[in-house]
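Just so you know, all these numbers are worked out from the coordinates, no wet-lab data involved. Being a predicted model, the structure only gives us computed values, none of them experimental. Here the Cβ is made from the backbone with ideal geometry for all residues, glycine too, and neighbour counts use every protein chain on show.
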Amino acid sequence: MKALINVRIYDYYKYIENGFIIFDNEIREVGEMKDFSPRYDLEVIDGKGDMVLPSFVCAHAHIYSIFARGLALPFDPKNFQDILDQLWWKIDAQIDNEITYYSGIAAASEFLLNGVTSVIDHHASGEILGSLTSLKKAVSDVAGMRGIYCFETSDRYNVSECVKENRDFLLNNHDEHSAGLFGMHASMSLSNESLELIRDNLAGGQIHCHVAESKMDEQDSLHKYGLRIIERLDKYNLLSPKSLIVHGVDLNDAELDIIAKSGAWMVVNTTSNMNNAVGLPNVKAYLDHNIPVMVGNDGLNSNMASELMNVFYTSHLKNETPKELNLGDVLKMIHNSYEYVSSRLNIKLGRFEKGYKADLLRVKYSPFTLMNKNNAFGHVFYGLYPNFKPSHVYIDGNEVVKDYKLCSKKLLEELEIAKDYSEKLWVKVVNK
């Protein structure tokens with residue numbers, strides 16, 4: 001049992017200026033320092049005024065994409081489909097299960113150093129069968145993160161294998177550190193026959209699907225099928241409570257009504273949308289339709305603090321008003337991410353209360369102005385997030401980052417090997 005003392009405590013609900021947290025794998029007690037009594041069974045850790053927060057969730061990632069960094073390919077995209085054809089689909093086609101594993105090692109290492117301990121991943125690779133097990137082995141078993149995994153079903157692959165991989169994984173993996181969803185790339189790369197096959201093999205799972213990331217996706221659906229994307233997914237009974245609709249840049253109000261009625265959730269990835277020049281999600285419209293919203297990184301970076309800031313600022317820019325989104329809306333997105341992962345893994349995350357998992361981080365912060373329960377998130381958002389770097393990170397009460405360095409010897413050893421596998425991938429892609 002550990003006792004972290006002399007810390008500022010903020011779990012996005014309550015704030016304690018100078019407090020303590022007692023925990024093992026779960027939070028056991030939280031209070032003010034004036035009420036703390038040392039005990040023989042406590043390992044006492046002096047936090048020296050650090051801020052303590054719940055660790056982050058990334059609600060949509062592409063872990064394999066970490067090996068794309070620095071890879072030089074002929075690249076002259078005119079639109080979003082060109083970006084897929086000239087870059088991502090060239091890369092993921094050459095990924096086998098070993099490369100999948102080591103991309104997981106690399107990405108998990110970076111996530112942990114940024115205070116992210118739970119991830120919802122959307123995987124793609126040329127070797128399909130066994131790929132999610134390889135990814136889970138790296139991210140959840142070696143690195144210790146919590147992961148919700150799926151494979152990106154697409155007509156560019158063997159669809160039957162994609163379906164089998166999703167179905168097998170979600171049926172056979174459900175514990176406190178891993179679970180499955182049913183992955184789909186996007187409407188524009190899935191035929192009606194593929195949608196039927198997915199529908200018939202959901203096995204009680206929910207979809208995790210790219211939707212309307214660019215106008216091309218909606219145009220393709222209208223041209224081929226005479227339906228907008230959400231109408232098409234709804235026609236095949238693929239929308240259900242807590243299905244994940246990702247991006248949603250070009251959804252209209254009628255589609256948002258369908259999403260709201262279905263109970264599906266939205267995941268926005270603003271930084272990636274800007275990078276791909278596809279537009280910005282209308283986050284306020286999702287909220288106005290009472291659709292729960294979470295935030296992902298789309299594989300672009302591992303700093304969720306910067307992702308949350310970009311969602312906030314770009315929403316102001318898109319709608320040309322600083323009132324379009326408020327910090328309370330951002331708080332709700334953070335709360336949603338903990339709620340979603342908690343429900344999938346059958347645990348409790350995101351609060352410093354008895355019975356919640358001890359997934360937390362410590363970060364240095366010395367406020368220049370008064371900090372209290374009324375303005376704590378303003379301090380976190382404007383003061384901590386712009387230069388966010390946790391010094392210590394815990395999962396299940398175990399220290400996975402200490403003094404800004406990874407703790408696991410196994411993870412560090414595998415991380416050195418991962419560099420060789422990134423080079424192997426580059427050779428395969430360039431020589432294809």
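Given a 10 angstrom Cα cut-off, can you work out which residue in H122, H174, H223 is the most mobile in a GNM of the chain?
H223
Grab the Cα-Cα distance for A285 and D257, subtract it from 0.36 nm times how many residues apart they are, and report the gain in nm with one decimal.
Net length gain for the segment: 9.0 nm.
What's the Cα-based Rg to Rh of segment 284-432, Rh via Kirkwood?
1.03
Scaled to the compact-protein estimate 2.2 N^0.38 Å, what is the alpha-carbon radius of gyration of the chain, rounded to two decimal places?
Output field value: 0.97.
Extension gain R39-E176, at 0.36 nm per residue separation less the Cα-Cα distance, in nm?
Full extension from R39 to E176 adds 46.4 nm.
How far is helix 215-225 tilted off the main Cα axis of the chain, in degrees rounded to 10, range 0 to 90?
40
Return the single residue from S55, S37, S189 with maximal mean-square fluctuation; model: Gaussian network over the chain, springs between Cα atoms under 10 Å.
Top of the fluctuation ranking is S37.
From largest to smallest, what semi-axes in whole angstrom does segment 158-312 give when each is the square root of 5 times an eigenvalue of its alpha carbon gyration tensor?
23, 20, 15
Taking the Cα-to-Cβ direction at E26 and at Y236 and moving 7 Å from each Cα, how far apart do the two end points lie in nm?
4.1
5 Å is the cut-off here: which amide hydrogens, built 1.01 Å from N in the peptide plane, fall below it relative to V267, excluding neighbours closer than 5 in sequence?
I245, V246, H247, M294
Against the 2.2 N^0.38 Å scaling, with N counting residues, where does segment 1-158 land? I'd like the Cα-based Rg ratio to two decimal places.
That works out to 1.40 for segment 1-158.
Rg and Dmax in Å for segment 358-405, alpha carbons only: what are they?
Reported Rg and Dmax, both Å: 12.3, 33.
Calculate the translational D of segment 98-245 in whole µm² s⁻¹ from Stokes-Einstein, where the hydrodynamic radius comes from the Kirkwood formula applied to all Cα pairs, the temperature is 25 °C and the viscosity 0.890 mPa s.
157
Using the Cα gyration tensor of segment 189-244, with a ≥ b ≥ c the square roots of its eigenvalues, what is the shape: rounded (a/c below 1.5), prolate (a/b larger than b/c) or oblate (neither)?
Here segment 189-244 falls in the prolate category.
Compute the distribution of all C-alpha to C-alpha distances in segment 108-183, in bins of 10 Å from 0, and list the percent of pairs in each, rounded to whole numbers.
21, 51, 23, 4
Tabulate in residue order the Karplus-calculated ³J(HN,Hα) for segment 103-115, using 6.51 cos²θ - 1.76 cosθ + 1.60 with θ = phi - 60°, rounded to whole Hz; enter x for Gly and Pro.
With the stated coefficients, segment 103-115 comes to 5, x, 4, 5, 5, 4, 4, 6, 4, 4, 5, 9, x Hz.
Figure the gain on full extension for K14 and Q219 (residue separation times 0.36 nm, minus the Cα-Cα span) and round it to one decimal in nm.
69.2 nm
For the chain, give the magnitude of the charge dipole about the Cα centre (Cβ charges: +1 Lys/Arg, -1 Asp/Glu; no others), in debye to the nearest 20.
So the magnitude is around 800 debye.
To the nearest 10 degrees, how steep is helix 304-319 against the longest Cα principal axis of the chain, on a 0 to 90 scale?
Helix 304-319 and the main axis of the chain meet at about 60 degrees.
Note the angle between two axes, namely the Cα long axis of helix 253-262 and the longest principal axis of the Cα atoms of the chain, as a number of degrees from 0 to 90, rounded to the nearest 10.
Computed tilt is about 60 degrees.
Could you identify which residue out of D24, D250, D217 has the top mean-square fluctuation in a GNM of the chain using Cα springs shorter than 10 Å?
Result for the chain, Cα springs under 10 Å: D24 fluctuates most.
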